[in-house]
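Below: one structure, written as structure tokens.
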Amino acid sequence: MADLSSSARKVQVALEARGFSFEIQELDKSTRTAAEAATAIGCEVAQIAKSILFRGKESGRAVLVIASGVNRVDEKAVAALLGEKLGKADADFVRAETGFVIGGVPPVGHDKPIETFIDEDILAFDAIWAAAGTPFAVFRLDPHSLAALTGGRVARVGLPPS
């Protein structure tokens, strides 16, 4: 763990604190987008667990959606589950709420508790890959561990590509 960047190390500590032993890998190629991550890792884009942060329009609270890399987020479905409409989260908001930059937001290790929703489509895979704190760090996990790892709610919140 000593050779990990400080942000990736923060995620590794969070994983271990929750009883998971997933190993973070820092790569030479960017994993900022789902397509870049899939290319760098050598997996399907759908196997990338992309983390997208929103802001509750009324409450201003952070809402994390972890979706399959090929899906768009169904904002209406998330809003219905949340009980309020969603707004976009800018880079400053993402950094302030998670402690990480866009393109490297992991499912765990955030600076503040974040309500999390998990796209049920991601459960179709044997293995998925998630960001690990930087746009060059990822970790492999069993998708069924994602809810236990994050405390997130699994629901139909992804819109498959058209």
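Values in this text are rule-based calculations from the coordinates and carry no lab data. Bear in mind the structure is a predicted one, so any value in this text is a computation, not a measurement. Using ideal geometry, Cβ is built from the backbone for each residue, glycine included, and neighbour counts are taken over all protein chains shown.
Volume per residue, Å³, of the convex hull around the alpha-carbon atoms of the chain? Don't skip to the answer; put the middle values down first.
On the way: hull volume 16.4 nm³, N = 162.
Measuring per residue, one finds 101 Å³ for the Cα hull of the chain.
Positive-end ranking of Phe139, Phe125, His110 along the dipole of segment 6-159, with charges on Cβ about the Cα centre, is headed by His110. If both residues of a DSSP beta bridge must be in segment 6-159, then about 70% of such bridges are antiparallel. Taken about its Cα centre, segment 73-122 carries a charge dipole of roughly 160 debye when the Cβ of each Lys and Arg holds +1 and the Cβ of each Asp and Glu holds -1.
Compute, for the chain, the length of the dipole vector about the Cα centre, with Cβ point charges of +1 (Lys, Arg) and -1 (Asp, Glu) only. Units Debye, rounded to 20.
Details: 18 positive and 21 negative charges, 85 e Å.
So the magnitude is around 420 debye.
Of the peptides 84-91, 126-133, the order by per-residue mean of other Cβ atoms within 10 Å, starting with the highest, comes out as 126-133, 84-91. Modelled spin-label separation between Leu123 and Lys29, with each label point placed 7 Å from Cα along the Cα-to-Cβ direction: 3.1 nm.
For the chain, adding -39500 (n - 2.57) for each run of n ≥ 4 DSSP H residues and dividing by the number of residues yields -7000 deg cm²/dmol at 222 nm.
Partner lysines whose Cα lies under 20 Å from the Cα of Lys76, excluding those fewer than 8 positions away in the same chain, are identified as Lys50, Lys57, Lys85, Lys88.
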